[in-house]
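Report on the structure given below.
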Amino acid sequence: MLHANRLAVLGRCVAMIVHDAVQPVASAATRGQSALRWLRQEPPDLNAVLAALERLVADAQRAGMVLAELRE
């Protein structure tokens, strides 16, 4: 019973870690796709592109911090 409880706790921890790591990566991909769409417009919406790229960089940095914390 104790072993089963430990495995359950471990499973929940892994699920939280995966969510914390995947969420900013998925967000960065979505922002990159948006930036590409705005660049392809005629005329390109450069203000929207810049804002999306700034948020993309922040998302990537957040993902890096999550992974660095895991490494520790």
Taking Cα atoms, the helix 2-40 axis meets the longest principal axis of the chain at an angle in degrees (rounded to 10) of 0 degrees
Expected max-MSF residue from V14, V22, V57 in the GNM of the chain (alpha carbon, under 10 Å) is V14
When the chain is treated as a Gaussian network with springs between alpha carbons less than 10 Å apart, the largest mean-square fluctuation among R37, R12, R55 is found at R12
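Given the -39500 (n - 2.57) contribution per DSSP H run of 4+ residues, what per-residue ellipticity at 222 nm results for the chain, rounded to the nearest 500 deg cm²/dmol?
Calculated mean residue ellipticity at 222 nm is -33000 deg cm²/dmol.
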Taking alpha-carbon centroids only, the stretch 7-28 lies from the stretch 36-66 a number of Å equal to 24 Å
In vacuo Debye sum over C-alpha of the stretch 2-71, base-10 log of normalised intensity I(q)/I(0) at q = 0.13, 0.15, 0.27 Å⁻¹, listed in q order, is -0.50, -0.59, -1.05
A chain fully extended from I17 to T30 at 0.36 nm per residue, minus the present Cα-Cα distance, gains in nm 2.6 nm
If one compares the long axis through the Cα atoms of helix 46-71 with the longest principal axis of the Cα atoms of the chain, the angle in degrees, nearest 10, works out at 20 degrees
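Values in this text are rule-based calculations from the coordinates and carry no lab data. Bear in mind that the values here come from a model prediction, so they are computed numbers and not experimental data.
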